[in-house]
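Visitor: I am attaching a structure below and will ask some questions about it afterwards.
The values are calculated or read from the model by the stated rules, or taken from the named source; none is laboratory data. Everything quoted here is computed from the prediction, not taken from an experiment. Virtual Cβ from ideal backbone geometry, glycine too; neighbours counted across all protein chains shown. Accessible surface areas use protein heavy atoms only, side chains included; no ligands, DNA or RNA. Shrake-Rupley method; radii C 1.70, N 1.55, O 1.52, S 1.80 Å.
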Amino acid sequence: MEFNKRIVISIMLVILIFTFVGCKEETDFAAKEEVSFTVVGSNLANYQETGVEADTKELNVKFNQQLAEVEVSLLKNGEQVTGFKTNIDKQQLSITSLKLVPITNYKLVIVAKSDSGQEITNSYQFETKPASYPQVENPNETLLQGFYWEMAGYPYLDKYPEEKNLWELLAKRAPKFKELGFTSIWIPPANKADSVRDEGYAVYDLWDLGEFKQAGSVRTKYGTKEELETAVAALHEQNIKVYYDAVLNHRIGLGKQNVESTVLKSGKEIKSYTSFPNLKGREKYYSQAEKWDWNWKQFDGVDYDAEDGPISPQAFKDKTWDDTYDKDYLLGADVDYENKKVQHELKEWGAWLVNDIGFDGFRIDAVKHIDSNFIDQWLTHIQKNSEKDVFFVGEAWIKNKMGLSFFLSDVDNKDLTVFDFPLRNTFKDMMTGLVNMSALGSAGLVNDPNYSDRAITFIDNHDTGRDKVEYNAPITRFKMQAYAYILTRAQGKPMVFWKDYYQNGYQSELHKLLEVRKYYAYGPGREVNNNSKRVYSYVREGLESKPRTGLVAMISSGTSGEVVSKRIKTNKPNTTFYDYTRNIKETVTTDENGYAEFKIRLSEKTGWSIWVPSSK
């Protein structure tokens with residue numbers, strides 16, 4: 001039967017089950033007719049997203065029909081490779097005696113004919129990985145946000161059913177997280193909320209981590225307390241620190257059992273959801289639980305009357321709003337942090353999570369709406385009452401650098417870091433071409449010399465990355481350029497969003513950037529002197545003790561597809577560099593003074609190149 005090129009593209013869709021993860025399939029065919037002859041398995045899928053290991057000696061491909069004959073060709077940088085062997089054993093094809101070269105472009109073509117006379121052709125382009133990587137004793141810190149808003153809900157549950165039991169999933173993936181270079185993970189609120197379906201932010205009992213039958217279930221949305229503790233232990237085995245999402249601002253009642261009569265500052269009497277007796281987690285773990293229960297006296301005010309419905313936020317009689325950086329009231333029953341009983345319990349709770357459950361730090365939800373003096377006290381108490389160097393990052397949603405620095409001054413605690421919303425705002429403007437790329441060297445809190453070590457850089461999170469825009473739309477254009485920026489920078493601690501890695505289609509690209517951060521992004525950072533409106537470049541000098549570390553990072557907001565070059569000085573004379581992302585295929589070699597013409601493509605899809613020293 002004469003080879004029919006028009007059927008290949010439908011076959012290629014099926015062949016994705018065994019393709020090199022991260023490699024690019026290639027076809028020129030357009031027909032979509034159905035065929036029965038296809039591939040059903042291969043060891044090719046075992047290779048990591050960044051390419052094929054150079055020491056791979058054998059590839060195996062299994063078809064669903066017995067093979068009559070095959071023709072295999074392998075090209076290295078466009079030249080035919082010889083010396084490998086092929087063997088057919090019924091439905092299996094083995095390609096053996098491979099001698100792949102590190103950091104090299106290959107093209108593999110398999111033309112297979114079945115006993116029934118059908119033919120298919122599969123064509124792949126892939127790159128081999130370096131033969132080895134520089135090993136650094138103290139690798140860079142990288143944070144993973146270990147959840148997203150729609151996790152275990154529609155429409156993701158059907159496609160990602162394993163996410164229904166998040167604590168079990170985190171324990172299972174802990175070794176993979178370490179391999180990717182993550183040194184810490186921020187998990188969602190593990191406390192009992194007002195519903196098992198709630199993400200954890202509608203706080204009911206902070207001390208119940210999925211241990212007691214409350215709010216309709218024992219487990220939280222993510223699992224049980226026992227499963228949580230198992231996950232924390234598994235992550236610690238991989239030297240990954242675990243950060244708890246502390247929701248301190250408010251409480252949410254379940255129903256009539258939480259209603260009591262209260263009087264507002266205006267004198268009006270209402271029914272408010274502010275009575276929280278018999279909280280089972282609290283009764284078991286809080287040392288003063290027998291002495292008092294939560295009621296309206298532990299809150300400043302509400303915005304809801306159980307009888308009449310929503311009201312404007314109002315404080316209770318004889319109450320004043322707390323001394324917060326932004327307005328005190330945000331939602332629910334607003335916790336009064338001038339109340340000494342509240343202060344005592346929340347301090348004990350924070351220390352309990354660190355010392356008894358094993359957490360290593362906290363992300364503080366809505367921190368600018370919580371009493372600034374209490375935040376300072378809370379951090380100080382937990383730090384003093386733990387042998388760990390506890391980590392704290394606040395969600396202060398402030399988009400300008402000056403305002404965010406003022407907030408840090410208001411709390412006045414050196415242990416507090418913050419998410420760099422001003423930098424994210426710059427990336428948001430980059431989506432629409434409003435950013436002059438030469439200004440990126442001063443963007444965000446991360447580039448403020450007074451606060452750079454207190455900036456947690458990020459692109460999207462569970463609030464900004466929602467399918468339904470509620471707060472701020474996700475960054476959907478030039479996102480990998482933004483990730484390349486934060487993952488190669490000397491300052492700040494970068495965060496990768498779970499949904500970007502596992503759901504949004506960026507896994508292959510992020511895998512490469514994470515490897516760059518893990519192996520190459522070391523040494524002092526330096527701005528170059530020829531950044532322009534559409535191209536930004538940045539140099540990491542590398543470690544003297546590890547000469548193969550260091551890089552030249554380039555990102556572009558251009559869209560023309562043109563490849564442009566920038567003459568950039570490194571501290572590595574007579575050294576060959578290659579683009580680890582493989583967006584630019586060629587190599588460059590520096591002269592005796594460390595200069596070379598480094599290239600980048602003006603493209604949204606491939607406009608980032610990270611040049612690293614070759615290990616060939």
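Visitor: Please give the length that would be gained between Asn87 and Gln238 if that part of the chain were fully extended, namely 0.36 nm times their separation in residues minus their C-alpha to C-alpha distance (nm, one decimal).
Guide: 50.3 nm
Visitor: Using a cut-off of 9 Å between beta-carbons, work out the net charge of the residues near Gln314 (Lys and Arg +1, Asp and Glu -1, Gln314 not included).
Guide: My count for the surroundings of Gln314 gives +1.
Visitor: Would you work out the charge dipole size for the chain about its Cα centre, treating the Cβ of every Lys and Arg as +1 and the Cβ of every Asp and Glu as -1, and quote it to the nearest 20 debye?
Guide: Taking the Cα centre of the chain as origin, the dipole is about 1560 debye.
Visitor: What ³J(HN,Hα) values, in whole Hz, does the Karplus curve 6.51 cos²θ - 1.76 cosθ + 1.60 give for the stretch 573-590 when θ = phi - 60°, with x put for Gly and Pro?
Guide: Once rounded to whole Hz, the list reads x, 6, 10, 8, 10, 9, 7, 5, 6, 6, 5, 10, 7, 7, 10, 9, 10, 6.
Visitor: Amide H to amide H under 5 Å from Phe362: which residues, 5+ apart in sequence or cross-chain, H placed 1.01 Å off N in plane?
Guide: Amide H neighbours of Phe362, under 5 Å, 5+ apart: Tyr244, Phe391, Phe392, Val393.
Visitor: Something else about it: Post the alpha-carbon centroid distance, the stretch 549-616 to the stretch 147-164, in whole angstrom.
Guide: 38 Å
Visitor: Quick query: amide H of Gln214 versus all other amide H atoms, modeled in the peptide plane; which residues come in under 5 Å with a sequence gap of 5 or more or a different chain?
Guide: So Gln214 has HN proximity to no qualifying residue.
Visitor: How big is the accessible area of Thr587 in square angstrom, nearest 10, if you roll a 1.4 angstrom probe over the protein chains?
Guide: 80 Å²
Visitor: Another one. Once the Cα gyration tensor of the stretch 72-201 is found, what semi-axes does its equivalent ellipsoid get, as square roots of 5 times the eigenvalues, in whole Å, sorted largest first?
Guide: Three semi-axes, in Å: 44, 24, 12.
Visitor: Would you tally the net charge around Gln91, using a Cβ to Cβ cut-off of less than 12 Å, leaving Gln91 out, and scoring K and R as +1, D and E as -1?
Guide: 0
Visitor: With every protein chain left in place, what is the accessible area per residue of the stretch 288-346 in square angstrom, probe 1.4 Å?
Guide: With the other protein chains kept in place, the stretch 288-346 gives 52 Å² per residue.
Visitor: If you take the beta carbon distance between Ile311 and Asp158 as r and set R0 to 56 Å, what does 1/(1 + (r/R0)^6) give as a FRET efficiency, to the nearest 0.05?
Guide: It comes out at approximately 0.90.
Visitor: Same structure, new question: Sort the following peptides by mean Cβ neighbour count (other Cβ atoms within 10 Å, averaged over residues), highest first: 154-166, 506-518.
Guide: 506-518, 154-166
Visitor: Could you tell me how far the Cα centroid of the stretch 350-373 sits from the Cα centroid of the stretch 432-500, in Å?
Guide: So the two Cα centres are separated by 24 Å.
Visitor: May I pose another question? Show me 536-542, 409-415 ranked by packing, highest mean number of other Cβ atoms within 10 Å first.
Guide: Answer by packing, highest mean first, reads 536-542, 409-415.
Visitor: Considering only DSSP beta bridges whose two residues both sit in the chain, what percent are antiparallel, to the nearest 5?
Guide: The answer is about 75 percent antiparallel.
Visitor: Another question, if that's okay. Stretch Asn77-Asn385 to full length: gain in nm at 0.36 nm per residue minus the Cα-Cα span?
Guide: That works out to 104.9 nm of additional length.
Visitor: Place a point 7 Å from Cα of Ile357 in the direction of its Cβ. Which residues in the stretch 224-258 have their backbone N less than 14 Å from it?
Guide: Zone members listed by number: 224-233, 242-248.
Visitor: Note down the accessible area of Glu586, probe 1.4 Å, to the nearest 10 Å².
Guide: Using a 1.4 Å probe on the heavy atoms, I get roughly 90 Å².
Visitor: Quick one: which residues, 5 or more positions from Gly558 or on another chain, have an amide H under 5 Å from its amide H? H modelled 1.01 Å from N in the peptide plane, none for Pro or chain starts.
Guide: Ser603
Visitor: Hey, if we sort Lys347, Lys428 by accessible area with the 1.4 Å probe, largest down, what's the order?
Guide: Final ranking, largest accessible area leading: Lys428, Lys347.
Visitor: State, as an integer percentage, the relative contact order of the chain based on alpha-carbon contacts under 8 Å between residues 6 or more apart.
Guide: After rounding, I find 10 percent.
Visitor: Also, quick follow-up: From the helices alone, meaning DSSP H stretches of at least four residues, give me the mean residue ellipticity at 222 nm for the chain, per-run term -39500 (n - 2.57), in deg cm²/dmol to the nearest 500.
Guide: Per the formula, -6000 deg cm²/dmol.
Visitor: Also: Using only the alpha-carbon atoms of the chain as identical scatterers, what base-10 log of I(q)/I(0) does the Debye formula give at q = 0.06 Å⁻¹?
Guide: -0.40
Visitor: To continue, here is another question. Carbon and sulfur: what percent of the chain's accessible surface (1.4 Å probe)?
Guide: After summing per-atom areas, the C and S share lands at 47 percent.
Visitor: Please give the length that would be gained between Val136 and Asp323 if that part of the chain were fully extended, namely 0.36 nm times their separation in residues minus their C-alpha to C-alpha distance (nm, one decimal).
Guide: This chain segment gains 62.8 nm when fully extended.
Visitor: By accessible area of protein heavy atoms, probe 1.4 Å, what ranking do Tyr337, Tyr201 get, highest first?
Guide: Tyr201, Tyr337
Visitor: Between Lys57 and Asn436, take the C-beta separation as r, use R0 = 41 Å, and let me know the FRET efficiency to the nearest 0.05.
Guide: 0.25
Visitor: A further question follows. With point charges of +1 on the Cβ of Lys and Arg and -1 on the Cβ of Asp and Glu, referenced to the Cα centre of the stretch 62-165, which listed residue (Gly117, Asn138, Trp149) lies farthest in the positive direction of the dipole?
Guide: After comparing all options, I get Gly117.
Visitor: Keeping all protein chains in the complex and leaving out DNA, RNA and ligands, what accessible area do you get for Asp318 with a 1.4 Å probe, in Å² to the nearest 10?
Guide: Counting only protein heavy atoms, the figure is 140 Å².
Visitor: Could you work out how far helix 479-488 tilts from the main Cα principal axis of the chain, as a 0 to 90 degree angle to the nearest 10?
Guide: The two axes meet at around 80 degrees.
Visitor: A further question follows. Points 7 angstrom from Cα along the Cβ direction at Glu544 and Val101: gap in nanometres?
Guide: Output for this residue pair reads 3.5 nm.
Visitor: In whole Hz, what ³J(HN,Hα) sequence does the stretch 599-604 give by Karplus (6.51, -1.76, 1.60; θ = phi - 60°), x for Gly and Pro?
Guide: Rounded to whole hertz, the list is 10, 8, 9, 7, 7, 5.
Visitor: Mind running the shape call on the stretch 395-549? Use the C-alpha gyration tensor, a ≥ b ≥ c as the square roots of the eigenvalues: rounded below 1.5 for a/c, prolate if a/b tops b/c, oblate otherwise.
Guide: rounded
Visitor: How big is the charge dipole of the stretch 278-357 about its Cα centre, in debye rounded to the nearest 20, if each Lys and Arg gets +1 on its Cβ and each Asp and Glu gets -1 on its Cβ?
Guide: So the magnitude is around 420 debye.
Visitor: Once the Cα atoms of helix 340-352 and of the chain are each reduced to a long axis, what angle between those two axes, in degrees from 0 to 90 to the nearest 10, is obtained?
Guide: Approximately 30 degrees, to the nearest ten.
Visitor: So for each of 382-389, 183-190, 277-284 I average, over its residues, the number of other beta carbons within 10 Å; can you give me the resulting order with the highest mean first?
Guide: Result, highest mean first: 183-190, 277-284, 382-389.
Visitor: Please determine, in degrees from 0 to 90 and to the nearest 10, the orientation of helix 372-384 with respect to the longest principal axis defined by the Cα atoms of the chain, where the helix direction is its Cα long axis.
Guide: Helix 372-384 sits roughly 70 degrees off the main axis of the chain.
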